[in-house]
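Quick notes on the structure that follows.
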Amino acid sequence: MTTVLLADDQRLVRAGFRSILDGEPDLDVVGEAADGAEALTLVRELRPEVVLMDVRMPELDGLEATRRIVADPALAGVRVVILTTFDLDDYVYGALRAGASGFLVKDTEPMELIHAVRVVARGDALIAPSITRRLISEIAGRAAKPVPNARLNALTEREREVLELVAAGLSNDEIADRLVLSPATAKTHVSRILTKLDARDRAQLVVLAYEAGLVTPGWLG
């Protein structure tokens, strides 16, 4: 059973998400928060596996709440998904830098929401690749000038190829297909990259790859 916490200052949004998620036998909404401060308190109390976190909330915004969750070693098992809208794209890159495992647009389809929560809970993919590629490409283009990262030197040539595709938002299956590998081999490469770069999850790999200049927005097409 995957436990989920909803953090959004709009009661109707929380109610809508709860009705969708609670309808699934493997998902359980264990709490709701109306602001970032309440979300932080409930995360520490309930230790949910996934937090759906709105960006703009009173008391404490979603980005700062996310930073505090990620910085707390006791909450290492908690994954945060930032909720955004297309007119709030500026927040997306900041969300990934804050340590969010991904993001969703608030008007996402019910099945996409369910899939996203499951994917993030198991930590093996970034959310909604079709949306991810577009938004990350746009936001990463506003990042600071690339800064070489010495940790990348620890990667093999194949691992660098895999990292580039992870940064483009590809899933393990898509990476396997593009590089003519088995899905299990692609997953192994990603796991090794996470270990070598001391990254929390795939979302951090995306940020690292863009900031180091390994990839540039829209390079994959």
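Give me the distance between the Cα centres of region 93-109 and region 30-82, rounded to whole Å.
Each part reduced to its Cα centre gives a spacing of 13 Å.
Using the Cα centre of region 145-212 as the reference point, and only Cβ charges (+1 on K/R, -1 on D/E), how large is the resulting charge dipole? Debye, rounded to the nearest 20. Before the final figure, lay out the partial values.
Numbers: 10 positive and 10 negative charges, 45 e Å.
The calculated dipole for region 145-212 is roughly 220 debye.
Could you work out the local net charge near residue 181, counting Lys and Arg as +1, Asp and Glu as -1, over the other residues with Cβ closer than 15 Å to its Cβ? Please report the intermediate quantities before stating the final value.
Numbers: positive: 158, 160, 178, 187, 192; negative: 157, 159, 161, 164, 173, 174, 177.
Its environment carries a net charge of -2.
Using R₀ = 35 Å, calculate the FRET efficiency as 1/(1 + (r/R₀)^6) where r is the Cβ-Cβ separation of residue 22 and residue 44; round to 0.05. Walk me through the intermediate numbers first.
Details: r = 23 Å, r/R0 = 0.65.
Calculated transfer efficiency: 0.95.
Taking only protein heavy atoms into account and a 1.4 Å probe, give the accessible area per residue of region 145-212 in Å². Kindly include the intermediate steps, with their values, before the conclusion.
Numbers: 3410 Å² over 68 residues.
That works out to 50 Å² for each residue.
Which length gain, in nm to one decimal place, applies between residue 85 and residue 147 when the Cα-Cα distance is subtracted from 0.36 nm times their residue separation?
Details: separation 62, 0.36 × 62 = 22.32 nm, distance 2.95 nm.
So the chain would gain 19.4 nm between residue 85 and residue 147.
Report the gain in length on full extension from residue 118 to residue 30: 0.36 nm times residue separation, minus Cα-Cα distance, nm rounded to one decimal. Walk me through the numbers on the way to the answer.
Working: separation 88, 0.36 × 88 = 31.68 nm, distance 1.53 nm.
In short, 30.1 nm is gained.
Need one number for region 2-126: average projected area of the convex hull over its C-alpha atoms, nm².
Working: hull surface 26.4 nm².
Averaged projected area of region 2-126's Cα convex hull equals 6.6 nm².
Could you compute how much accessible surface residue 29 exposes when probed at 1.4 Å, giving the result in Å² to the nearest 10?
10 Å²
Taking K and R as +1 and D and E as -1, what net charge do the other residues with C-beta under 13 Å from the C-beta of residue 41 add up to? Write down the numbers at each step before the final one.
Working: positive: 44, 47, 68; negative: 32, 35, 38, 45, 59, 72.
Around residue 41, the charge tally is -3.
Could you give the accessible area per residue of region 2-126, probe 1.4 Å, as a whole number in Å²? Write down the numbers at each step before the final one.
Values: 5280 Å² over 125 residues.
Accessible area per residue: 42 Å².
The values are calculated or read from the model by the stated rules, or taken from the named source; none is laboratory data. This is a predicted model, so every value here is computed, not measured. Here Cβ is always computed from backbone atoms with ideal geometry, including for glycine, and neighbour counts include all displayed protein chains. With ligands, DNA and RNA removed, areas are computed over all heavy atoms of the protein, side chains included. Shrake-Rupley method; radii C 1.70, N 1.55, O 1.52, S 1.80 Å.
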